[in-house]
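Below is one structure, written out as structure tokens; the observations come after it.
Rule-based calculations on the coordinates, nothing more; no lab input. This structure is a prediction, so every number in the text was calculated from the model and none was measured. Glycine also receives a Cβ, built like all others from the backbone with ideal geometry; neighbour counts cover every protein chain displayed.
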Amino acid sequence: MTGRLVSAANFILSLGLFVLIWQLAAAWAKSPALPFPATVLETFLLASESGELPYHLAVTLARTFVAFLLSMIIGASIGLVMGRSRRVDRFFDSWLILFLNIPALVVIILCYIWFGLTEAAAVLAVSINKIPNVAATMREGARALDRQYMDLAQSYRFGAWKTLRHVILPQLSPFFAASARSGLALVWKIVLVVELLGRSNGVGFQLHLFFQLFDVPSILAYTIAFVAVIQMIEIFIFKPWERHANRWRP
Amino acid sequence: MSWLSIQVAQKHYNAKADADRAAPEASTAVLKDVTLNVEYGEFVCILGASGCGKTTLLNLVAGLDKNFEGHIALRAANERREPRIGYVFQSPALLPWRSVGENLRLVMRPDQIGTGIERELLAEMGLEGSYDAFPGDLSLGMSRRVALARALVIEPDLLLMDEPFVSLDESKASELRRLLMRFWKARPMTVLFVTHDSREAIQLGQRIIVMAGSPATIQRDEMVMLTPQQRKDPLYIESVRRQILSNSGPQL
């Protein structure tokens with residue numbers, strides 16, 4: 001209990017210091033390019049009340065969610081196959097390196113050119129950016145699978161589904177957690193770029209609008225709102241799931 | 001034809017995992033001309049030095065490794081179903097992320113689920129308190145017990161055991177041996193018990209196969225007809241041991 005109190009106090013202090021530095025910097029700069037924290041808060045409240053911010057936030061979150069899910073499922077499947085089969089790995093390794101190194105912007109532009117300025121193209125572009133990362137991480141996990149458990153599954157005739165669920169996936173859960181974490185952080189940033197380039201709603205689209213109007217308070221208000229939501233996902237979804245997945249560790 | 005017939009003409013390890021580093025001809029023969037016929041209900045100990053290929057032989061019988069010359073046939077104990085094989089590995093190999101009870105339930109047949117048989121079996125082995133524990137919280141002795149329970153819960157026709165009581169102190173190991181004998185007497189099944197400990201082999205086996213050499217072959221095949229009292233007598237065991245090993249060469 002005291003540990004929790006200490007960490008809460010720690011968090012408030014550290015956040016307070018950040019706001020204080022911001023406040024001082026804004027007072028020193030005296031420029032519309034760096035508004036006061038209070039101004040940003042006011043903008044945030046106004047935008048929330050009008051329903052504009054929640055709407056665009058929800059749209060971006062939906063895209064992030066779908067792209068995240070797609071890239072996790074497809075990336076994990078590719079990584080598993082590459083990690084388990086030496087031949088597949090050797091053959092497709094250069095593809096993986098190629099895709100890992102294509103700039104996100106190139107994928108986005110090409111998707112829009114090839115598939116049009118559609119929702120599917122936007123989500124696809126984000127997924128393609130993330131899939132190679134997930135595949136590379138999961139490949140490491142699949143390579144590290146413990147032989148003795150595979151022998152167990154085979155000699156007791158577990159079958160494919162049981163083996164996957166009770167033998168393979170539990171061993172991969174640290175790798176899942178790692179790629180989900182870095183995945184979420186990467187995916188929502190790319191979603192903003194996708195929205196900026198070819199969508200007419202979402203946080204990225206709004207940021208583009210505010211950029212043209214030099215509306216810095218709105219830019220900061222949207223950013224902070226979004227970061228807060230992502231942090232909530234970490235605290236209320238990832239952390240509990242990780243605790244559950246690791247409950248067996250002594 | 002006997003119940004279990006093993007005919008391994010040749011078994012190589014061709015270092016498949018390191019195929020790109022090792023030259024293809026760098027394959028070592030592990031087993032050669034291993035022929036063994038076992039009747040249903042026999043308790044056979046396979047005795048040999050560590051690393052001589054006993055585990056390889058068990059893996060062939062279990063069907064984990066199909067890459068060998070020869071053939072292994074297992075007749076059904078019962079015409080209505082496939083023979084069931086239980087395997088106790090050298091390490092307990094319990095899934096650490098599943099509780100003890102779940103580890104047993106995972107290997108059980110659909111018709112066994114819900115009968116509570118796994119709970120009864122664990123209780124019989126003195127593990128009633130560990131049903132919901134995770135394997136990481138168990139001692140090695142308890143883990144080995146759970147591994148034995150997992151192999152027994154499926155009511156195997158053939159029980160393969162690969163040094164299942166190794167690295168336990170003697171009192172725990174002999175307790176587990178007694179437990180195993182009790183189950184083997186209670187329910188007919190064939191046991192192939194691999195060990196490098198000749199005293200253990202004589203205490204348990206009705207028949208002792210001595211394997212040695214590189215590639216390994218069967219050096220001796222002895223029936224051991226001892227009474228339960230004789231099996232408990234260390235001096236008697238010692239004399240049988242000397243008799244069996246007198247001309248088999250390697251130190252066991």
(message) I'd like to check something: does region A:165-184 contain any residue that is surrounded by 14 or more Cβ atoms within 10 Å (Cβ to Cβ), touching a Lys or Arg at 6+ places or on another chain (Cβ under 7 Å) and not hydrophobic (A, V, I, L, M, F, W, C)?
(response) yes
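Here are some residues: A:A29, A:A9. Which one is within 27 Å of A:F214 (Cα to Cα) and hydrophobic (A, V, I, L, M, F, W, C)?
On the way: A:A9 fails: within 27 Å of A:F214 (Cα to Cα).
Among A:A29, A:A9, only A:A29 is within 27 Å of A:F214 (Cα to Cα) and hydrophobic (A, V, I, L, M, F, W, C).
Run down B:S171, B:S167, B:S143, B:S214 and say which single residue is more than 19 Å from B:I85 (Cα to Cα), out of contact with any strand residue (DSSP E or B) (no Cβ under 6 Å at 6 or more places or on another chain) and either within 14 Å of chain A (Cβ to nearest Cβ) or assigned to a strand (DSSP E or B) (or both).
Details: B:S171 fails: either within 14 Å of chain A (Cβ to nearest Cβ) or assigned to a strand (DSSP E or B) (or both); B:S167 fails: either within 14 Å of chain A (Cβ to nearest Cβ) or assigned to a strand (DSSP E or B) (or both); B:S214 fails: either within 14 Å of chain A (Cβ to nearest Cβ) or assigned to a strand (DSSP E or B) (or both).
Only one candidate qualifies: B:S143.
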(request) Answer yes or no: is there a residue in region B:40-58 that is within 12 Å of chain A (Cβ to nearest Cβ) and touching a residue at least 40 places away in the same chain (Cβ under 8 Å). (result) yes
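Picking from A:R90, A:R139, A:R63, which residue would you name as being more than 30 Å from B:L94 (Cα to Cα), surrounded by 20 or more Cβ atoms within 10 Å (Cβ to Cβ), charged (D, E, K, R) and out of contact with any Pro (no Cβ under 8 Å at 6 or more places or on another chain)?
Working: A:R90 fails: surrounded by 20 or more Cβ atoms within 10 Å (Cβ to Cβ); A:R139 fails: more than 30 Å from B:L94 (Cα to Cα).
That would be A:R63, the only listed residue that is more than 30 Å from B:L94 (Cα to Cα), surrounded by 20 or more Cβ atoms within 10 Å (Cβ to Cβ), charged (D, E, K, R) and out of contact with any Pro (no Cβ under 8 Å at 6 or more places or on another chain).
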(request) Could you look through region A:192-250, keep only residues that are away from chain B (no Cβ under 14 Å) and outside any helix (DSSP H, G or I), and pick out the one that is surrounded by the most Cβ atoms within 10 Å (Cβ to Cβ)? (result) A:G202
(message) Looking only at helices (runs of 4 or more DSSP H) that lie completely in region A:83-189, which have at least 1 residues being more than 14 Å from chain B (Cβ to nearest Cβ) and of a type in the set (V, I, T)?
(response) A:86-101, A:104-115, A:119-143
(request) Report whether or not B:L160 is crowded, with 19+ Cβ neighbours inside 10 Å, under 12 Å from the mean Cα position of the chain (by Cα) and assigned to a helix (DSSP H, G or I). (result) no
(message) If the requirement is being surrounded by 18 or more Cβ atoms within 10 Å (Cβ to Cβ), touching a residue at least 24 places away in the same chain (Cβ under 8 Å) and assigned to a helix (DSSP H, G or I), which of these qualifies: B:I202, B:I209?
(response) B:I202
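Checking the condition surrounded by fewer than 17 Cβ atoms within 10 Å (Cβ to Cβ) and more than 20 Å from B:M1 (Cβ to Cβ), which residue from B:G51, B:G63, B:G86 passes?
Numbers: B:G63 fails: more than 20 Å from B:M1 (Cβ to Cβ); B:G86 fails: surrounded by fewer than 17 Cβ atoms within 10 Å (Cβ to Cβ).
Only one candidate qualifies: B:G51.
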